[in-house]
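The values are calculated or read from the model by the stated rules, or taken from the named source; none is laboratory data. Quick caveat: nothing in here was measured; it's all calculated off a predicted structure. Glycine gets a Cβ as well: all are built from the backbone with ideal geometry, and neighbour counts include every protein chain shown.
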Amino acid sequence: MLNIGQPNSYCIFSTHTTPVAPLRQSPRPHWLTIVSYNVGMKIAYQFKLKPTKQQVLEIDRWLSMLCAQYNYLLADRFDWYEQNRSSINACPLICHLPQLRDNPDYYSQKKTLPALKKSHPWYSEIYSQVLQDIVKRVKLTFNRFLKSDVKGKRSGKPRFKVRSRYRTFSYPQMKEGCLQGNLINLPMFGQIKVILHRPIPDGFKVKTASVTKKADGYYLTLSLEDATVPTIKPDFNPESITGIDVGLKEFLTTSEGESVAIPQYYRKAQKHLRTIQKRVSRSQKGSNRRSKAVKQLGKQHKKVADKRKDFHFKTSKYLLTKYDIIAHEDLNVKGLARTRLAKSIHDASWSSFLSILTNKAENAGLLVIPVSAYNTSQDCSNCGVKVPKELHERWHDCPSCGCSLDRDHNAALNILNRAEGHPVLKAQRLLCDSRIG
């Protein structure tokens, strides 16, 4: 059993795609060739800010004003929506029709910003593109409510944001040379000290910047781009493959029988979180004591989330260093999270782990294959006969062929067998056979 990622402390993470340092150091076979396309690469780095007390007050003031403008623009859209829609599916032939409003779209709402600065002069202190980004956020939020996205999913009705839940403002464009040493120059805000825990890769340019307020301070997210970095086309060894079965007893079990222990960060911190939560509940709303307790609670929750994220990244790196192809169950995690095991499932955070694993595999030119999760724990991996088992039965004994092994190991072997028929894998094996021949 492996114990991956048991940090004594937590650190700052960046959601990024590293263009250097390949996952595997061992040489590939001579018949495997990496094919590249020059389409550029975009990555995102997140750094912690160290603003002065005056800058902290200014960031909070900007967030307060932007929150008010966001709610105003969203209310304008709701006003149009209520006035122009019909609450019934039929009406008389002769009836009064009210005058319809024009749809407050992205461009019409952007035209209101100069008038806003005249009527409310303090908004002139905010950079114009930051204000325009608010209009874009309202547009995306409301369009997702009216229409479905590319996957056919619709969001619920957008909510007005309270001041404490509006935490980010963005610069859609940044000038070249805005980052000098450990200082970043934000337009109409000034220079802020940045903790550069990792260097910016050579050749990458800063395209956008976002300032986010979190429980333990302020963070800067930089979107970087380099048009000359090639994107790797997947080209992998089809024989280096494994299946993984995620679970709650062990975090995952591979088809080789290797298991990774589940850390249960939330359950381990639950006693301490309960104490702080009681402190919040017993304090009076609006008091300084409650405000301090809420901040302390937020820091503890963020610490748990950072430890879990660190564990997911380390586990993904370990698997992708060892295998070229990883198959996993295509789970309905949202449905599973509605069961009595919801707390443990949220603590394991399978969706986050599989998303990180998939992204890192794509960036390394490797492959992650989702397969059907139907009866992976019930079917025998040796003969295919269904052997019904309750959830508490952790050992698989097949009466037909005599196969006897751990339940999770059996499920991982079934996942591996189902991935063998994947069309991409078949095509790659045919390509490898033709190269060898």
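What tally of residues in the stretch 381-396 results from selecting those that are part of a loop (DSSP other than H, G, I, E, B) and within 35 Å of the chain's Cα centre (by Cα)?
7
Would you mind finding the one in LEU391, LEU341, LEU336 that is out of contact with any strand residue (DSSP E or B) (no Cβ under 7 Å at 6 or more places or on another chain), exposed (fewer than 12 other Cβ atoms within 10 Å of the Cβ) and of a type in the set (A, V, I, L, M)?
It is LEU391.
Please identify the pairs in which a residue from the stretch 303-320 that is under 12 Å from ALA361 (Cα atoms) and in the same structural domain as SER351 (by TED's automatic domain parsing) has its Cβ atom under 6 Å from the Cβ atom of a residue that is in a helix (DSSP H, G or I) and among the basic types (Lys, Arg), counting only partners at least 6 apart or on another chain.
SER316/LYS360; LEU320/LYS360
Quick one: would you say ASP379 is farther than 30 Å from SER400 by Cα and crowded, with 19+ Cβ neighbours inside 10 Å?
It is false that ASP379 is farther than 30 Å from SER400 by Cα and crowded, with 19+ Cβ neighbours inside 10 Å.
Do you know which residues across the stretch 217-265 are in contact with a Pro (Cβ under 8 Å, 6 or more places away or on another chain) and within 16 Å of LEU319 (Cα to Cα)?
ASN237, PHE251
Quick check: is even one residue across the stretch 263-270 free of Cβ contacts under 8 Å to residues at least 24 places away in the same chain and either in a helix (DSSP H, G or I) or in contact with a helix residue (DSSP H, G or I) (Cβ under 8 Å, 6 or more places away or on another chain) (or both)?
Yes - at least one qualifying residue is present in the stretch 263-270.
Among the residues of the stretch 287-294, is there at least one that is part of a loop (DSSP other than H, G, I, E, B) and not aromatic (Phe, Trp, Tyr)?
Checked against the condition, which is being part of a loop (DSSP other than H, G, I, E, B) and not aromatic (Phe, Trp, Tyr), the stretch 287-294 yields at least one hit.
Would you mention how many residues in the stretch 153-179 are among the small types (Gly, Ala, Ser), farther than 22 Å from ASP105 by Cα and in a loop (DSSP other than H, G, I, E, B)?
1
For the list (1) surrounded by fewer than 16 Cβ atoms within 10 Å (Cβ to Cβ); (2) closer than 27 Å to LYS360 by Cβ; (3) touching a helix residue (DSSP H, G or I) at 6+ places or on another chain (Cβ under 7 Å); (4) not hydrophobic (A, V, I, L, M, F, W, C), I need the number of the one condition that GLN284 fails.
Single failed check for GLN284: (2).
Looking at (1) of a type in the set (Lys, Arg); (2) exposed (fewer than 15 other Cβ atoms within 10 Å of the Cβ); (3) closer than 28 Å to SER351 by Cβ, which is the only condition LYS213 fails?
Against the list (1) of a type in the set (Lys, Arg); (2) exposed (fewer than 15 other Cβ atoms within 10 Å of the Cβ); (3) closer than 28 Å to SER351 by Cβ, LYS213 comes up short only on (2).
Pick from SER240, SER223, SER259: which is of a type outside the set (Asp, Glu), surrounded by fewer than 18 Cβ atoms within 10 Å (Cβ to Cβ) and either within 30 Å of LEU416 (Cα to Cα) or not assigned by TED's automatic domain parsing to the domain that holds ASP347 (or both)?
Only one candidate passes the filter, namely SER240.
What is the residue count in the stretch 351-366 for residues that are in a helix (DSSP H, G or I) and either under 20 Å from PHE251 (Cβ atoms) or among the hydrophobic types (A, V, I, L, M, F, W, C) (or both)?
Residues meeting the conditions: 11.
Answer with yes or no whether SER170 is without any contact (Cβ under 8 Å) to a residue 60 or more places away in the chain and closer than 25 Å to LEU297 by Cα.
When the stated conditions are applied, SER170 does not pass them.
Given the residues GLY243, GLY217, which is the only one that is farther than 22 Å from GLN46 by Cβ and not basic (Lys, Arg)?
GLY243 is the lone residue from the list that is farther than 22 Å from GLN46 by Cβ and not basic (Lys, Arg).
Quick one: what pairs do we get from the stretch 67-83, first residue more than 17 Å from ASP102 (Cβ to Cβ), second among the basic types (Lys, Arg), C-beta under 6 Å, 6+ apart or different chains?
CYS67/LYS161; CYS67/ARG163
Quick check on the stretch 121-136. Is at least one of its residues part of a loop (DSSP other than H, G, I, E, B), modelled with pLDDT of 90 or more, surrounded by 14 or more Cβ atoms within 10 Å (Cβ to Cβ) and in contact with a strand residue (DSSP E or B) (Cβ under 6 Å, 6 or more places away or on another chain)?
no
Hey, any hits in the stretch 315-328 for a residue that's surrounded by fewer than 19 Cβ atoms within 10 Å (Cβ to Cβ), part of a helix (DSSP H, G or I) and among the aromatic types (Phe, Trp, Tyr)?
Checked against the condition, which is being surrounded by fewer than 19 Cβ atoms within 10 Å (Cβ to Cβ), part of a helix (DSSP H, G or I) and among the aromatic types (Phe, Trp, Tyr), the stretch 315-328 yields at least one hit.
Taking the stretch 173-183, which residues are free of Cβ contacts under 8 Å to residues at least 40 places away in the same chain and closer than 20 Å to THR52 by Cβ?
CYS178, GLN180, GLY181, ASN182, LEU183
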